[in-house]
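Enquirer: Below you will find the structure I want to go over with you.
Coordinate-derived values only; no laboratory data. Not measured: the values here are computed from a predicted model. Because the Cβ atoms are built from the backbone with ideal geometry, glycine has one as well, and the counts that use them run over all protein chains shown.
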Amino acid sequence: MIKTFTRDELIRYIYGESTNTETEEIVSGVLCDNDVNREFDELTDLKQQLNSIREEPSNRSIDNILNYSRRFEMPQFTD
């Protein structure tokens, strides 16, 4: 009988956080069960998409922030 897996178990496997026993069971499930294989493929695609997200603000965002801050005058301090 093929074990069914939760999404959390598959995610832990994809990120290398499953035990050796879980890993063996999941690999077997991915190879033998089309539903598990499909879910596994979706999750690995999502992981790749997450890894490709830009971690820097766009130039437009930077320009908006700078333009906003230029509208304010800094107080002048004298001794």
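Enquirer: Just want the ordering: Ile53, Ile26, from fewest to most Cβ atoms lying within 10 Å of their own Cβ.
Expert: With the fewest neighbours first, Ile53, Ile26 line up as Ile53, Ile26.
Enquirer: About the Cα centre of segment 7-70, how large is the charge dipole given +1 on each Lys and Arg Cβ and -1 on each Asp and Glu Cβ? Please answer in debye to the nearest 20.
Expert: Charge dipole of segment 7-70: 640 debye, to the nearest 20.
Enquirer: Return the equivalent ellipsoid semi-axes of the chain as a descending list in whole Å, where each equals the square root of 5 times an eigenvalue of the C-alpha gyration tensor. List each step's numbers first, then the result.
Expert: Values: eigenvalues 534, 41, 13 Å².
Each semi-axis is the square root of five times an eigenvalue, giving 52, 14, 8 Å.
Enquirer: In addition: What spacing in nm lies between the two simple spin-label points modelled at Glu24 and Arg7, each 7 Å away from Cα in the Cβ direction?
Expert: 2.9 nm
Enquirer: Contact order normalised by length for the chain, with contacts defined as Cα pairs under 8 Å and 6 or more residues apart; what percent is it?
Expert: 25 percent
Enquirer: Separate question: Report the calculated FRET efficiency for Met74 and Ile53 (r = Cβ-Cβ distance, R0 = 25 Å), to the nearest 0.05. Walk me through the numbers on the way to the answer.
Expert: On the way: r = 35 Å, r/R0 = 1.40.
Here the calculated transfer efficiency is 0.10.
Enquirer: Restricting to DSSP loop positions (anything but H, G, I, E, B) with no more than 12 other Cβ atoms inside 10 Å of their own Cβ, which GluC sites (Glu not before Pro) remain in segment 7-79?
Expert: Taking segment 7-79 and a limit of 12 other Cβ atoms within 10 Å, the loop GluC sites (Glu not before Pro) found are Glu17, Glu55, Glu73.
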